[in-house]
Each structure stands twice: as C-alpha cells, then as structure tokens.
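The values are calculated or read from the model by the stated rules, or taken from the named source; none is laboratory data. Since the structure is predicted, the reported quantities are computational estimates derived from the model, not experimental observations. Here the Cβ is made from the backbone with ideal geometry for all residues, glycine too, and neighbour counts use every protein chain on show. Each accessible area value is taken on the protein alone, full model and side chains, heavy atoms only, with ligands, DNA and RNA left out. Shrake-Rupley method; radii C 1.70, N 1.55, O 1.52, S 1.80 Å.
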Amino acid sequence: MDFDVSSDWHVADPYGFLRRLRREHPVFRSEHLGAYVLTRHADVRAAYGDPGRFSSEGSLTISRSLTEQTREKLGEHGSFLSSFVANVDPPDHTRLRRSVSRAFTPRAVAAMEQRFRELNEDLLDRIEARGEADFVRDLGHEPSVKLTARFIGVPEADEAFVRAHVKDWFQLFLSPQPAERQLVLADSFLEYLDYVDRLVAARAREPRDDFTSLMTGLIGKELSHREVVELISTILLGGNDTVPNQLGNSVLRLLREGIWPVPPDKLTAAVEECMRIDGASLGSFRYATADISLHGVSIPAGSLVLLSTDSAAHDEAVFAHPDTFDLDRPNADGHMVFGYGIHFCVGAALGRLQLRTALEVLGQRLPGLRLVPGPVVYRKSIVGRGLTELPVKW
Ligand code: HEM
C-alpha cells in the first residue's frame, strides 16, 4: 500500500495506514509521493529542529506533475516561490523571517480580533434568515479572505479577483491536474503575480497602513522586490485557504461530536483539539542535505522527505487514544500542524485567533447548527486537508 493523492482516503481517512507506518515503517519510501515519509512524532519534531540536515530550500516547489508546456509558460516562475520565507534556509531565512515578523507582533494580531468579529457578524446578518447553507462556500471563507485582504492592503473591489486566482494557484501547484487545465491555471497564476507586482508598485509610490507598504518600504534595505511579491502572494494564500479549511474541518468535527455551540470556556481547547485531530496541514516537505540513516533506513542525500504532522498528531506514543476527540486532552497543543522550529508558522497566533472567534460568533448566532446528512468530500491535495462542501442547516 502507498499514499495516493488521487484517492479519497489519502486525505479523508489515512489513519489506519499511518498507524501501521508508525509501527512497522517509521521511515517509509513512498513511490507515489516520490518522498521518504517520517511518521513518528519524535522523528518529525527532530527533523523540523534540524534544518541543517533537513533543508527547506525548494521544499515548496513540489510541482513535479507539471508538463513541459506548462513549465515553459511559467518561465522563471516555474521555480515557484524560490524566495519565499518557508522555502529557504538560513541565512536568507533569518533575514526574511525578521522582516515578516514585524507585521505579526502580538499587538498587531490582537488588533485584528474586533475587525474579524465584525466580518463574521456582518456575514451572518446576511445569511441567518436562510436557515441553510454550504458552510464551505457561504460561511467559512469570507471573513478570513476579507481580513487578509485588509491586512495586506488589497482594495475591496479586487477581493473576488484575488480569491479566484489564489484558488487556481493552489490547484496548479498542490494537486495533480490534466495538461490542458494546467495551462489555464498557469495563465491565471501569471495574471495574479502581475496583479501583486502592480500593488507593490502602487504602495512604493504612496504607502498606506498595510502589510504591502511595510514590506515595500524594506525593498533595497532588507528585502528584494521579488521577495516582497512572493511574500505577499503566499500570505494571501495562507489567509485565504488554510484558516477556512481548518474552520470547515473543525465545524464538521464539533457537529459530529455533538459539541455545539462550544462552551465559551472550552473554545481554546476546541481549537487545539480540532487542529490536532483534523489538521488543515498534512505536513511539510524537506530535502536531505546528507545521507541520513534512521530506524535502519538509508535516506540518500538529495531525497525529498515528508514530515507527516498528520501522523505525528495521531501518534499514540504522545497522545493517549489519539483517534478520540477529547476537549480535556492536556497536551493537544503538542500537535505540529503549524510546523515547528525556525519555520514555525508566523501566522499561528492570527490563525488561532480567527478560529476561536469564528467558533464563538457562529455558536452565538447559529446555536441550532447541524449537518445535512450526506457524504463528506475532501479536496485531493498533497499537503492540505479541506472540504469541498459542507451542507448545514440551523
Ligand atoms: C490554520 C491555519 C494555518 C496552518 C495550518 C498553517 C500551517 C503552517 C505550517 C505547517 C508552516 C510551516 C511550513 C514549513 O515548515 O515548511 C507554516 C509557515 C508559515 N505560515 Fe502558516 N498556517 C496557517 C495560517 C497562516 C496564516 C493566517 C498566515 C499569515 C497571515 C500564515 C503564514 C505563514 C508563513 C509566512 C509561514 C512561513 C514561516 C517561515 O518559513 O519562517 N499561516 N504555516
């Protein structure tokens, strides 16, 4: 048996398979992924903590399924995100991380709570009377997309454009696509990069109080133009996609467990345990910089390695009864769904704040929220877990 990105179980329910790997093949060579997969919590953590041997250089450029024609069209952008902070090692990483962290101070993050609450309330004002919705399409995305757009400095009129293009981009690089579709998505991606380029130029001329202006002001000092464009493009992805995916997974889990609305004193615990058991991120890729021997397996230098945080979060050596949802689990935050070590998610506090606030407001406004019975379908992806739709009533 092997991972299989084109099958449902790969994202929906890989846990029996992962359990067997943790026990029998803690270092698993996946032909399908073209990578060695680390599945034990201790090994995943140690690899994250050892960037010298497990390099991030090019680790997000996992677009091996792109055709020659698509690569040609993408040109220099085929080496997608070569300067993005998560895709480089020190010393570049240290410099980029320092710059980006300036925008994510605890104060700046806390200041976004009120705005996010209003965005949720405003959406519910428009939808509440309907009595039913597709959670993914109608409820899960809009507040995060709008918050991120405001944070970056994307004008409201361009939000729909950005949202559509980020979706195409995600599909192009992170899920296998037929050749014809790749070309359409590549065009969309190039159009998006062009848009971000123009946004940067506009803020260079006339700075405002937003992330783009803050980063643009560092061009020529700490950052290059390309680094700023890639940073902005990817943070739009982080905000537009990961948080809504995690929220959808969390709402599905809480409704299935019959924990709705979540009691106010359990909101933080619910966010953490939902992330642990149904994480929106399945893991991170790294490249071995030297021959590595682990549990009797030789990983040759240059190999791609997947640090499976999804498996680590279900490791029975760390989490008792890992497949049981437990709001009182003392170490739920020991999951590594936000990564670990020097690349630990810079948006983690903002992500947690959004998840907590959304669950709180949704619980207050839609206390009768329930699932519409039917099959649950996940997106087919190498690195992310998210639902394609989630019909609900209240
Ligand atoms: C639930 C939501 C989120 C999840 C599950 C998530 C997950 C992750 C993971 C696993 C990493 C580590 C990547 C690696 O080590 O290769 C990471 C890094 C990163 N995340 Fe997030 N993220 C989330 C939300 C956000 C948000 C809201 C933002 C920004 C607004 C963001 C921005 C970033 C950035 C810039 C990095 C790179 C940090 C570095 O390389 O030093 N993330 N995220």
task: Check off (1) farther than 25 Å from F116 by Cβ; (2) among the aliphatic types (A, V, I, L, M); (3) at pLDDT 95 or above; (4) surrounded by 14 or more Cβ atoms within 10 Å (Cβ to Cβ) for A301 and give me the number that stays unchecked.
output: (4)
task: Of the conditions (1) open to solvent by less than 60 Å² (accessible area, probe 1.4 Å); (2) at pLDDT below 90, F54 clears all except one; give me its number.
output: (2)
message: Test of understanding: among L252, L236, L267, which residue is of a type in the set (A, V, I, L, M) and buried (at least 23 other Cβ atoms within 10 Å of the Cβ)?
response: L236
query: Just one of A129, A110, A46 is surrounded by fewer than 17 Cβ atoms within 10 Å (Cβ to Cβ), more than 20 Å from the chain's Cα centre (by Cα) and free of Cβ contacts under 8 Å to residues at least 12 places away in the same chain; which is it?
result: A129
- prompt: Given (1) under 24 Å from R356 (Cα atoms); (2) modelled with pLDDT of 95 or more, where does A108 come up short, assuming only one miss?
  reply: (2)
message: Condition first: within 16 Å of the ligand (Cβ to nearest atom), open to solvent by 10 Å² or more (accessible area, probe 1.4 Å) and either modelled with pLDDT of 95 or more or outside any loop (DSSP other than H, G, I, E, B) (or both). Can you find one or more residues in region 321-332 that meet it?
response: no
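One line per residue, one yes/no per condition, for (1) aromatic (F, W, Y); (2) open to solvent by 20 Å² or more (accessible area, probe 1.4 Å); (3) within 14 Å of the ligand (Cβ to nearest atom); (4) in contact with a Leu (Cβ under 7 Å, 6 or more places away or on another chain):
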position	(1), (2), (3), (4)
Q246	no, no, yes, yes
W260	yes, yes, no, yes
V271	no, no, yes, yes
I277	no, no, yes, no
L294	no, yes, no, no
- request: For T70, state whether it is out of contact with any Phe, Trp or Tyr (no Cβ under 9 Å at 6 or more places or on another chain) and open to solvent by less than 20 Å² (accessible area, probe 1.4 Å).
  value: yes
task: Determine if region 299-309 includes at least one residue that is under 19 Å from A12 (Cα atoms), assigned to a helix (DSSP H, G or I) and within 14 Å of the ligand (Cβ to nearest atom).
output: yes
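So, in region 333-376, how many residues would count as being part of a loop (DSSP other than H, G, I, E, B), open to solvent by less than 60 Å² (accessible area, probe 1.4 Å) and closer than 18 Å to S284 by Cβ? It would help to see each step written out before you state the result.
Narrowing region 333-376 to residues part of a loop (DSSP other than H, G, I, E, B): 335-340, 344-347, 366-369, 372-376.
Checking the rest, the ones that are also open to solvent by less than 60 Å² (accessible area, probe 1.4 Å) come to 335-339, 345-347, 366, 368-369, 372, 374, 376.
Still in the running and closer than 18 Å to S284 by Cβ: 335-339, 345-347.
Count: 8.
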task: Please work out if R126 is farther than 17 Å from L247 by Cβ, within 15 Å of the ligand (Cβ to nearest atom) and in a helix (DSSP H, G or I).
output: no
field: Output for region 133-155, where each listed residue is surrounded by fewer than 18 Cβ atoms within 10 Å (Cβ to Cβ) and under 28 Å from E206 (Cα atoms)
entry: P155
message: List pairs: first residue in region 215-231 and at negative phi and within 13 Å of the ligand (Cβ to nearest atom), second residue open to solvent by 40 Å² or more (accessible area, probe 1.4 Å) and at pLDDT 90 or above anywhere in the structure, Cβ distance under 8 angstrom, at least six positions apart or on different chains.
response: V228/I219
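With the condition kept exactly as written, say whether any residue in region 280-291 is within 14 Å of the ligand (Cβ to nearest atom), assigned to a strand (DSSP E or B) and open to solvent by 40 Å² or more (accessible area, probe 1.4 Å).
Taking region 280-291 and keeping what is within 14 Å of the ligand (Cβ to nearest atom), we get 280-287.
Among the residues that remain, those that are also assigned to a strand (DSSP E or B) are: 281, 284-287.
Going one step further and asking which of them are open to solvent by 40 Å² or more (accessible area, probe 1.4 Å), we end up with 287.
The answer is yes; a qualifying residue exists.
Looking at L60, L18, L96, L81, which one is within 13 Å of the ligand (Cβ to nearest atom) and over 22 Å from Q171 (Cα atoms)? Give the steps one after another, and end with the answer.
Numbers: L60 fails: over 22 Å from Q171 (Cα atoms); L18 fails: within 13 Å of the ligand (Cβ to nearest atom); L81 fails: over 22 Å from Q171 (Cα atoms).
Matching residue, one of L60, L18, L96, L81: L96.
Per-residue answers, yes or no, for (1) open to solvent by 20 Å² or more (accessible area, probe 1.4 Å); (2) assigned to a loop (DSSP other than H, G, I, E, B); (3) at pLDDT below 90:
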position: A157; (1), (2), (3): yes, no, no
position: A164; (1), (2), (3): yes, no, yes
position: Q177; (1), (2), (3): yes, yes, yes
position: S188; (1), (2), (3): no, no, no
position: D197; (1), (2), (3): yes, no, no
position: R203; (1), (2), (3): no, no, no
position: R208; (1), (2), (3): yes, yes, no
- prompt: touching a residue at least 40 places away in the same chain (Cβ under 8 Å) and under 12 Å from H343 (Cα atoms), is that true of R53?
  reply: no
